[in-house]
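Worksheet: one structure, shown below.
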Amino acid sequence: MTQQTLTITTPDDWHLHLRDGDALKAVVGDTVNQFRRAIVMPNLRPPVTTVAMAKKYREEILQAVAANGLSDRGFEPLMTLYLTDNTSAADIEAAAQSSFVHAVKLYPAGATTNSDSGVTDLLGRCQVALEAMQRHGVPLLIHGEVTDSHVDVFDREAVFIDRVMHPLRKAYPALKVVFEHITTKEGVDYVRDADGPTAATITPQHLLYNRNAMFTGGIRPHFYCLPILKREVHRQALVDAATSDSPRFFLGTDSAPHAKHLKEMACGCAGCYSALNALELYAMVFDEVGQLGRFEAFASHRGPDFYGLPRNKSTITLKREPFKVPEQIPFGESTLVPLAAGETLPWSLEHHA
Ligand code: DOR
Ligand code: ZN
């Protein structure tokens, strides 16, 4: 008989954009409804570059959770620092000693939203930070795309592997590395076979859609994110990886809210909003390939295991009941268009135990 319910350890989101201010207040409840912990990206303006800034940001997140009446959920924001050419060994030591900073994020300068203070030359300019991270076991989270305008936008991840991932691993064999939001077969092959402690997060949009989705019947800005959606062969490689028994692939939504009007414009922002319905979307992918049995490992086990954190003790239940994704949801004075807006999904989230 077809499986009707799926009860699993409460999942965590290992890659999330929560923003700050009013945007944070508007979106944080969606994540708290789906996840117990989330790795929170530091690409604010200005970027979160020090432990003191991360502490302040964490407090703002917890206040926003309280303002939504959700303090009793025990949501835990796992903070990150934004790596710059000037990050010092002392910055990393302070992060390692804090109880709330869990990783450092690398944005190559110019790669994406708020990345203009990013790193210009990782191996040339960040040695002291990388050395300290390796020594203290602080993971480096990598936006793995070259920013060279001569490289085709669809090839930037594969070129990054050759130019940065291989030399990085050679220079820092014990550094914990998470290749964030991988989008290609090359990314999957690299992570599966790499030496040293290497893992990757995978988003719902890269599991569900190929690049055709951006152009179906006209240009579709709500499918535009970075790294950009790729060909079908890459999507299939990602589904194989996520649903495999490799401990190296785990859930990271990269949910990245941008107001509707800032996506539907001549120079629209990159990012898909999936915090509202991430688990429903991921469950659909695992179900479609007959691998619901592996969903818990992907969503709830492999992430904490890699980060050296305990697995959650509570559970959530998904039911095979249709969930109609709203066309849009309120976002301050504007609205947000969630991923798969208007579609009816086969699974819905029942409750948080
Ligand atoms: O699509 C994206 N949006 N990719 C990123 O790397 C950043 C994110 C954002 O912050 O909006
Ligand atoms: Zn991101």
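The values are calculated or read from the model by the stated rules, or taken from the named source; none is laboratory data. The structure presented is a predicted model; accordingly, all values stated were derived computationally and were not measured. Every residue, glycine as well, gets a Cβ built from its backbone with ideal geometry; the counts of neighbours run over all protein chains shown. Protein only, heavy atoms only, side chains kept; ligands, DNA and RNA dropped before computing areas. Shrake-Rupley method; radii C 1.70, N 1.55, O 1.52, S 1.80 Å.
Which of the three applies to the range 306-353, rounded, prolate or oblate, going by the alpha-carbon gyration tensor with a ≥ b ≥ c and a/c under 1.5 meaning rounded?
oblate
Magnitude of the Cβ-charge dipole of the range 249-353, K/R +1 and D/E -1, about the Cα centre, nearest 20 debye?
In debye, rounded to 20, the range 249-353 gives about 260.
Based on DSSP, what percent of beta bridges with both residues in the chain are antiparallel, to the nearest 5?
DSSP beta bridges in the chain are roughly 35 percent antiparallel.
I need the helices of the chain that pass two filters: whole DSSP H segments spanning 27 Å or more by Cα along the axis, and mean Kyte-Doolittle score no lower than 1.0.
Flagged H segments: there are none.
Quick one: how many Å² of T2 are accessible to a 1.4 Å probe, rounded to 10?
80 Å²
Would you mind checking the radius of gyration and Dmax of the range 163-240 based on alpha-carbon positions, in Å?
So, for the range 163-240, Rg and Dmax equal 14.3, 48 Å respectively.
Going toward the positive end of the dipole of the range 220-353, with +1 on Lys and Arg Cβ and -1 on Asp and Glu Cβ, which of C225, N277, L339 do you reach last?
Toward the positive end, the furthest listed residue is C225.
Please report, in debye to the nearest 20, how large the charge dipole of the range 10-314 is about its Cα centre when each Lys and Arg carries +1 at its beta carbon and each Asp and Glu carries -1 there.
300 debye
Under a 1.4 Å probe, what is the accessible area of the chain per residue, stated in Å²?
Value for the chain: 40 Å² per residue.
Report relative contact order for the chain in percent, whole number only (criteria: Cα-Cα under 8 Å, sequence separation at least 6).
19 percent
Just name one of S88, M265, A52: the one whose Cα is farthest towards the positive end of the charge dipole of the range 10-314 (beta-carbon charges, Lys/Arg +1, Asp/Glu -1).
Of S88, M265, A52, it is A52.
Positive end of the dipole of the range 182-307, charges at C-beta (+1 Lys, Arg; -1 Asp, Glu), about the Cα centre: which of A237, G252, L208 has its Cα farthest in that direction?
L208
How much accessible area does E145 have with a 1.4 Å probe, in Å² rounded to the nearest 10?
10 Å²
Using a/c under 1.5 as the rounded threshold, could you call the range 68-132 rounded, prolate or oblate? The axes a ≥ b ≥ c are square roots of the C-alpha gyration tensor eigenvalues, and prolate needs a/b larger than b/c, oblate otherwise.
Oblate shape, in that a/c is at least 1.5 and b/c is the bigger or equal ratio.
Kirkwood-based Rg over Rh for the range 10-314 (C-alpha set), two decimals?
Here the Rg-to-Rh quotient is 0.93.
Just by accessible area at a 1.4 angstrom probe, what is the order of H222, H181 from largest to smallest?
Ranked list, largest accessible area first: H222, H181.
In percent, what relative contact order does the range 196-353 have, based on Cα pairs under 8 Å that are 6 or more apart in sequence?
Once divided by the residue count of the range 196-353, the mean separation gives 24 percent.
At a 1.4 Å probe, what is the % contribution of carbon and sulfur to the accessible area of the chain?
About 51 percent, which is the carbon plus sulfur part of the accessible surface.
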